[in-house]
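Here is the structure we will look at.
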Amino acid sequence: MNFLLGCAVWAYKGWIGEFYPPKSQGGQLLHLYSQRLRTVEGNTTFYAIPSSETIAQWKSQMSPGFQLCPKLPRSLTHNGFLKPSISEALAFLETMRGLGEHLGPVFLQLPPSYEPAFLEDLAAFLEAWQKTEAAIATEVRHPDWFEQPHASHLNELLTQLGVGRVLLDSRPAYSHSTHYKTPLEVRKPKLPVQPVVTAEFSFVRFISHPDQEVNQPFLEEWVNWVNQELKLGRQIYFFVHCPIENYSPGNARQFQQLLQDHGVPVPPLPWNEIDHSPIQLSLF
């Protein structure tokens with residue numbers, strides 16, 4: 001499966017009654033999620049490393065073909081240099097391997113303080129990771145990574161090692177809406193969108209707006225990009241966020257519909273097979 005669409009979390013109780021059936025229980029949510037979308041960012045692992053028993057429980061709830069992309073814990077990635085955390089990061093990977101075929105690319109998110117001067121440290125970490133043959137995608141947040149020559153140096157390193165570069169698009173969340181008057185609290189950085197592909201897969205994080213009209217032109221850009229990448233045989237993980245999490249599933253569904261309307265060869269969305277209600281969630 002070359003296109004996997006998902007959100008950032010699964011255990012969001014605000015989705016019960018719309019995305020999830022009414023009266024759904026917390027222990028059911030991962031199973032219900034995997035029946036509707038094809039992948040999820042494992043943001044929960046950013047805050048705490050799950051036990052092997054928890055991993056086994058998660059695996060038992062996942063539908064065939066579903067993939068979880070766990071985020072490396074912040075205790076390993078947000079305390080300065082990465083090199084001292086290599087052994088712990090590899091131990092984390094071994095725990096996550098318990099997911100078996102449900103393990104997607106691991107997500108390495110670097111803080112805004114991690115600047116291009118640390119390139120050698122990043123290289124040492126990724127070279128050690130490469131030996132595991134496990135897929136990993138890297139997100140940089142310091143603005144200098146998007147300027148030359150640092151952007152080229154980063155892209156060359158990632159390409160050489162077959163590491164994906166996370167593509168963050170927060171433009172919609174920072175855009176003005178004529179329909180949605182409530183100011184958004186956007187926690188994702190406002191950085192240039194540079195859709196560079198450095199591996200056989202891509203990892204896109206789309207930070208959407210509650211107003212789907214705002215999302216539309218940005219999503220249409222991504223429709224063209226996804227179509228081109230799929231023609232090249234690349235695998236795409238596309239995650240839809242929203243500062244107001246209630247809207248994330250509906251916005252993901254909006255993107256699926258646009259892809260289908262443009263004839264992009266993506267697999268059917270499982271959610272549509274069990275729910276044929278309109279894609280627009282309530283705006284207010």
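Structure above, values below:
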read-out	value
Selection from the range 181-211 of residues that are under 21 Å from residue 146 (Cα atoms) and hydrophobic (A, V, I, L, M, F, W, C)	186, 191, 193, 196, 197, 199, 201, 203, 204, 206, 207
Neighbours by Cβ (under 6 Å, 6+ apart or cross-chain): first from the range 149-174, farther than 18 Å from residue 197 by Cβ; second of a type in the set (A, V, I, L, M) and part of a helix (DSSP H, G or I)	172/214
Scope the range 114-141; condition surrounded by fewer than 19 Cβ atoms within 10 Å (Cβ to Cβ) and within 22 Å of residue 205 (Cα to Cα); matching residues	115, 116, 134, 141
Test: residue in the range 71-93 that is within 21 Å of residue 248 (Cβ to Cβ) and in contact with a strand residue (DSSP E or B) (Cβ under 7 Å, 6 or more places away or on another chain)	yes
Tabulated pairs, the range 99-114, first closer than 16 Å to residue 66 by Cβ, second among the hydroxyl-bearing types (Ser, Thr, Tyr), C-beta under 8 angstrom, 6+ apart or interchain	104/39; 104/237; 105/237
Residue that is farther than 17 Å from residue 109 by Cβ and assigned to a strand (DSSP E or B), where the choices are 5, 37, 29	5
Those residues of the range 175-201 which are under 22 Å from residue 229 (Cβ atoms) and without any contact (Cβ under 8 Å) to a residue 60 or more places away in the chain, in sequence order	191, 192, 193, 194, 195, 196, 197, 198, 200
Residue, surrounded by the fewest Cβ atoms within 10 Å (Cβ to Cβ), within the range 1-49, restricted to residues that are over 24 Å from residue 256 (Cα atoms) and of a type in the set (Ser, Thr, Tyr)	47
Per-region count, the range 36-81, residues among the charged types (D, E, K, R), farther than 15 Å from residue 100 by Cα and touching a residue at least 40 places away in the same chain (Cβ under 8 Å)	3
The range 228-284, subset acidic (Asp, Glu) and assigned to a helix (DSSP H, G or I), residue modelled with the lowest pLDDT	273
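The values are calculated or read from the model by the stated rules, or taken from the named source; none is laboratory data. Keep in mind it's a predicted model, so treat the numbers as computed, not measured. Backbone-built Cβ (ideal geometry, glycine too); neighbour counts: all protein chains shown.
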